[in-house]
1. I need the full set of residues from segment 75-92 which are in contact (Cβ under 8 Å) with a residue 40 or more places away in the chain and over 12 Å from Val106 (Cβ atoms), in order please.
2. Output the residues belonging to segment 1-25 that are among the aliphatic types (A, V, I, L, M), under 17 Å from Thr110 (Cα atoms) and assigned to a loop (DSSP other than H, G, I, E, B).
3. Suppose we keep only residues that are among the charged types (D, E, K, R) and part of a loop (DSSP other than H, G, I, E, B) within segment 200-243. Which one would you say is surrounded by the most Cβ atoms within 10 Å (Cβ to Cβ)?
4. Taking the stated definitions as given, is Gly153 at positive phi, out of contact with any helix residue (DSSP H, G or I) (no Cβ under 7 Å at 6 or more places or on another chain), surrounded by 21 or more Cβ atoms within 10 Å (Cβ to Cβ) and in contact (Cβ under 8 Å) with a residue 60 or more places away in the chain?
5. Just give me the residues in segment 160-187 being under 21 Å from Gln229 (Cβ atoms) and among the small types (Gly, Ala, Ser), in sequence order.
6. For segment 308-336: of the residues being among the hydroxyl-bearing types (Ser, Thr, Tyr) and more than 15 Å from the chain's Cα centre (by Cα), which is nearest to Lys105 (Cα to Cα)?
7. Tell me yes or no: at least one residue of segment 114-128 is closer than 27 Å to Ala349 by Cβ, crowded, with 19+ Cβ neighbours inside 10 Å and either among the β-branched types (Val, Ile, Thr) or at pLDDT 95 or above (or both).
8. Out of all the residues in segment 26-59, which are of a type in the set (Phe, Trp, Tyr) and not in a loop (DSSP other than H, G, I, E, B)?
Amino acid sequence: MHSPTSIVIVGAGVAGVQAVETLRREGYEGALTVVDKAAEIPYDRPPLSKEFLAGTVTAEDIALRSPGHWNQWDVDLRLTVEATQIDPREHTLTTASGDVIAWDKVLLATGSTLRELKVPGITLDGVFYLKTLEDAARLRAALSEVQELVVVGAGFIGAEVASTCRKRGLHVTVLEMMKYPLAHILGEDLGHYFARLHEAHDVDLRTEESIVAVHGKTRVESVETSKGQTISCQAVVVGVGVMANTPILHEQLEVSRGYVVDAFGRTSLPGVFAAGDCTVWPYRGHMIHVEHWDHAVQHAKTIARNMLAEEMVPYDTVPYFWSDQYGNRYQYVGHAAKWSQTVTRGSQAEHRFTQMYLDEENRLLAALVANRPKDVMSLRRLIDARRPVDRMQLENEALSFTQL
């Protein structure tokens, strides 16, 4: 593998930033260009539904790096620039304005894009999505004139918005198509737990019910649901998930819920790598797609090193993410699309518990940790060990996960 002299990164989110810093720290001294169609200096997204929406942090507080940081790393950062075409033969990238940038290697870190609702009235003023800093700033400004809010979707983003807005004193209704929130990820037992959590904080949670129309003259006045109910509101927040953002090379690369990459971050085109939310990657015999901040960080670091290395290192990090709801911190480690059994330590009633997901051979696949942060690292190591664990020991509070 020859050493590159020109690297282009498409996307200035957390994966793009981590790739830049890793490349420079690993000794890469060639040209380094980052293009992103956003206008803002790259920022952190997890606070948008929590601290930023609550008004406890500013846009400056959540900037991933200061403007001067980019100069320190000698990066040609091109904001408000959209990459429209990559030519793998000529090794060029073309932007919407017609500029052409040469590259030896390119990293696609294009992130994800929101799923949008297609119902009558969805374009009325007062309907919000929450993906960008601009989205969050618009919603935060509007909330001062809102008494009743409808949140569509009880996933992690929807739950965090509901939590933040209840703290502000708003009346919040959450519409969820499934029987229990998050049951498709965590199972019905924890789905029931999260339903009770919403209800304990006076959220009007309506499950197995969806939105069919938004009503109002110029702005939102109410929503109509699949059960024929009309809910009065002055704002609607839509949180029905995201999709990998894969517009570039879509016809030339294998795309399945994201750019398909191997364990080293390589796509099927020589010199073209991809990292973070826009990818599907191999994990324990399965191709998986996750949209977590920690994955974007670790994936980008590994792949940036592989872009320079003679001998590449496979990416095999145990996934991790967290969510803050109603004063509780929930941390999830591992990945379990399906499981054979669950084991629980602690008390759901006290919101201090760890629920573990095991396969048929009693190997730990994943765990949801509620307000027990000391469990997380040990559980991550147990998952990484990939060996059977005795169920009785997992249940035994007297035996720490570190001891296991």
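The values are calculated or read from the model by the stated rules, or taken from the named source; none is laboratory data. Note that the coordinates shown come from a computational prediction; the quantities given were computed from them, not determined experimentally. Reconstructed Cβ throughout: ideal geometry from the backbone, glycine too, with neighbour counts over all protein chains shown.
1. Val75, Asp76, Leu77, Arg78, Leu79, Thr80, Val81, Glu82, Thr84
2. Passing the criteria: only Ala12.
3. Per the criteria, the residue is Glu209.
4. yes
5. Ala162
6. The residue in question is Tyr315.
7. Looking for residues that are closer than 27 Å to Ala349 by Cβ, crowded, with 19+ Cβ neighbours inside 10 Å and either among the β-branched types (Val, Ile, Thr) or at pLDDT 95 or above (or both), one finds none in segment 114-128, hence no.
8. Those that are of a type in the set (Phe, Trp, Tyr) and not in a loop (DSSP other than H, G, I, E, B): Tyr43, Phe52.
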